[in-house]
Amino acid sequence: MTEFLASLAAFLAAHAIPPHPRVRPRLIAAFGRRTYLAAYSLLSLVLLVWLISAASRAPYVMLWEPAAWQAHLALTFMPLAAWLLIAGLSEPTPLSVSLMAPPDPADDWRPGPAASVVRHPVLAGFLLWALLHLVANGHLVALILFGTFAALSLGGIALLDLRARRRLGPDLWRRLASRTSRVPFVALVSGRARPAFGRRDLAILALTLALFAWFLLQGHLWLIGRDPLARF
C-alpha cells in the first residue's frame, strides 16, 4: 500500500505543479510549447504506468463482487476512451489540451472528429477509462485509484473551460465553444458540429484500434500484470 500511495502522490503532484499558472508559462518559455507538452505527456504516462503497476501489487480489499456484465461494459467502451485520448492529442484546438499547436483563434476553427464528439476529448477519454475500470473492479485500491482519476478529469474539464474563456475572451470563447459540447455527442446530434473525416483521421482510428488490440491481447498483462480477457 505504501508504494501505491507514493505513486498516487507523485501522479497528483505532476498534475498540480507543472500546469500551475505560475509554473507552466515559464516551462513553455524555456522549452517551447510542443516540447513542454510532449515531456509532460511522457511524464504523465510514466507515472500512470507506475501508479497502475503499484496498484496491482497493493493489498486486495474486496468491496463488492464484480459481475460479468461489468467486464463486458469495459471491453465494449474502452476503444472509444482510447480513441478520444489519442485523437484528442492529435487534433489542434484552441479550447482544450493537445500535442498540436493551437490554431489562430481569429481563423474559422472547425473541430476535428474527437472535439466534435466532446469539447475536451483527452480528459473525457480519461474519465471514461476511469469510470469503466471503477465499475469493472470491486476492491478498495481500484476505488481510490479510479475515483481519483475521475475526479481529476471532471475538475480538469471545468478548469480548461475557465482558462480558455479567460484567454480568448467571453465572446470568442462562446462562439468557438458552440461548435462542440461539454456533454458527449450533443454537438453532433444537434448539428452544431460537422467535422471533416479525412485520411489522417482514418489513420488515427486505425492506430487506436491496433494499439487497443495489442494492449488487450498482450500489453495489459505485460504492463499491469492482469489479463483483461481472463473473465471471458
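The values are calculated or read from the model by the stated rules, or taken from the named source; none is laboratory data. In this text, all values refer to a predicted model and were calculated from it rather than measured experimentally. We place every Cβ from the backbone using ideal geometry, glycine too, and count neighbours over all the protein chains shown.
Exactly one of (1) under 17 Å from the mean Cα position of the chain (by Cα); (2) closer than 24 Å to Phe146 by Cα; (3) not in a helix (DSSP H, G or I) is unmet by Ile17. Its number?
That leaves (1) as the condition not met.
Taking region 138-193 as the search range and keeping residues that are aromatic (Phe, Trp, Tyr) and under 16 Å from the mean Cα position of the chain (by Cα), which one is modelled with the highest pLDDT?
The selected residue is Phe146.
Hey, Asp107 hits all of (1) in the same structural domain as Ala210 (by TED's automatic domain parsing); (2) modelled with pLDDT under 85; (3) surrounded by 15 or more Cβ atoms within 10 Å (Cβ to Cβ) but one; which does it fall short on?
Exception for Asp107: condition (3).
Answer yes or no as to whether Leu176 is under 14 Å from Leu80 (Cα atoms), surrounded by 15 or more Cβ atoms within 10 Å (Cβ to Cβ) and in contact (Cβ under 8 Å) with a residue 60 or more places away in the chain.
Considered against the rule, which asks whether it is under 14 Å from Leu80 (Cα atoms), surrounded by 15 or more Cβ atoms within 10 Å (Cβ to Cβ) and in contact (Cβ under 8 Å) with a residue 60 or more places away in the chain, Leu176 comes out as no.
Counting just the residues of region 10-27 that are modelled with pLDDT under 85 and among the hydrophobic types (A, V, I, L, M, F, W, C), which one comes out nearest to Ala130 (Cα to Cα)?
Among those that are modelled with pLDDT under 85 and among the hydrophobic types (A, V, I, L, M, F, W, C), it is Ala16.
Condition check ((1) closer than 20 Å to Gly225 by Cα; (2) assigned to a loop (DSSP other than H, G, I, E, B); (3) of a type outside the set (A, V, I, L, M, F, W, C)) across all residues:
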| residue | (1), (2), (3) |
| --- | --- |
| Ala9 | no, no, no |
| Arg22 | no, yes, yes |
| Pro25 | no, no, yes |
| Leu37 | no, no, no |
| Leu42 | no, no, no |
| Trp50 | yes, no, no |
| Ala54 | yes, no, no |
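Select from region 212-225 the residues that are touching a residue at least 12 places away in the same chain (Cβ under 8 Å) and either in contact with a helix residue (DSSP H, G or I) (Cβ under 6 Å, 6 or more places away or on another chain) or over 16 Å from Ala74 (Cα atoms) (or both) and list them in ascending order.
Matches in region 212-225: Phe212, Leu223, Ile224, Gly225.
Does region 42-56 contain any residue that is farther than 18 Å from Leu223 by Cβ, surrounded by 16 or more Cβ atoms within 10 Å (Cβ to Cβ) and not polar (S, T, N, Q)?
No, that holds for no residue.
For Leu99, state whether it is in a helix (DSSP H, G or I), in the same structural domain as Gly147 (by TED's automatic domain parsing) and within 15 Å of the chain's Cα centre (by Cα).
Judged against the criteria, Leu99 is not a match.
Hey, could you check region 194-232 for residues that are over 24 Å from Asn137 (Cα atoms) and among the small types (Gly, Ala, Ser) and say which is modelled with the lowest pLDDT?
Checked region 194-232; the qualifying residue modelled with the lowest pLDDT is Ala196.
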